[in-house]
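One structure below.
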Amino acid sequence: QVQLAESGGGLVQPGGSLRLSCAASGSTFDINSMGWYRQAPGKQRDFVAFITSSSTTDYADSVKGRFTISRDDKKNTVFLEMKGLKPEDTAVYYCYSGASGRTYWGQGIQVTVSS
């Protein structure tokens with residue numbers, strides 16, 4: 001079992017920045033990838049970014065060049081640095097991890113981009 005806890009969300013003005021964190025606990029040695037999805041009101045949950053255990057990354061086209069995913073293996077934590085935020089980035093952001101063929105999800109954290 002893997003438990004995930006997100007932090008760092010909040011309200012930010014357009015063009016601003018936020019950094020989300022996701023701390024993993026439990027069977028962290030089984031984790032092979034971690035990443036983020038987001039879900040805006042009335043919409044499906046969409047992929048944002050992931051990073052593998054070998055630090056290979058991938059991003060949704062909508063966030064490329066603005067978001068950066070990274071990981072700190074000593075702290076079992078993954079980060080999502082978000083810059084140049086737009087109102088359309090407003091969503092609940094969910095951290096996930098892949099471990100032993102299963103996908104684990106955090107509880108989600110709200111990011112609101114508004115003036």
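When the chain is described by a simple charge dipole with +1 on each Lys and Arg Cβ and -1 on each Asp and Glu Cβ, the residue from Trp36, Gln1, Thr112 located farthest towards its positive end is Thr112. Backbone phi angles across segment 92-102, fed through the Karplus curve with coefficients 6.51, -1.76 and 1.60 (θ = phi - 60°), yield HN-Hα couplings of 8, 9, 10, 7, 9, 9, x, 8, 6, x, 10 Hz in residue order; Gly and Pro are listed as x. For the chain, the solvent-accessible area of protein heavy atoms averages 52 Å² per residue (probe radius 1.4 Å; ligands and nucleic acids excluded). Think of each Lys and Arg Cβ as +1 and each Asp and Glu Cβ as -1; about the Cα centre, that makes the dipole of the chain roughly 100 debye. For the chain, with all protein chains in place and a probe radius of 1.4 Å, 47% of the accessible heavy-atom surface sits on carbon or sulfur.
Where does the longest stretch of the chain lie that holds no trypsin sites (Lys or Arg not before Pro) found in a DSSP loop with 14 or fewer other Cβ atoms within 10 Å? Counting only loop sites that pass the neighbour cut-off, the longest clear stretch is 1-42. Pairs of lysines 8 or more apart, or on different chains, with alpha carbons under 29 Å: count those in the chain, would you? Summing the qualifying lysine pairs gives 9. Residue-wise HN-Hα couplings along segment 64-69, as the Karplus relation 6.51 cos²θ - 1.76 cosθ + 1.60 with θ = phi - 60° gives them from phi, are 4, x, 10, 10, 9, 9 Hz; Gly and Pro carry x.
The values are calculated or read from the model by the stated rules, or taken from the named source; none is laboratory data. Since this is a predicted model, take the numbers as computed values, not measurements. When we count neighbours, we look across all protein chains shown, and the Cβ atoms used for this are built from the backbone with ideal geometry, even at glycine. Quick note on the areas: whole protein, heavy atoms, side chains included, nothing else; ligands and nucleic acids left out. Shrake-Rupley method; radii C 1.70, N 1.55, O 1.52, S 1.80 Å.
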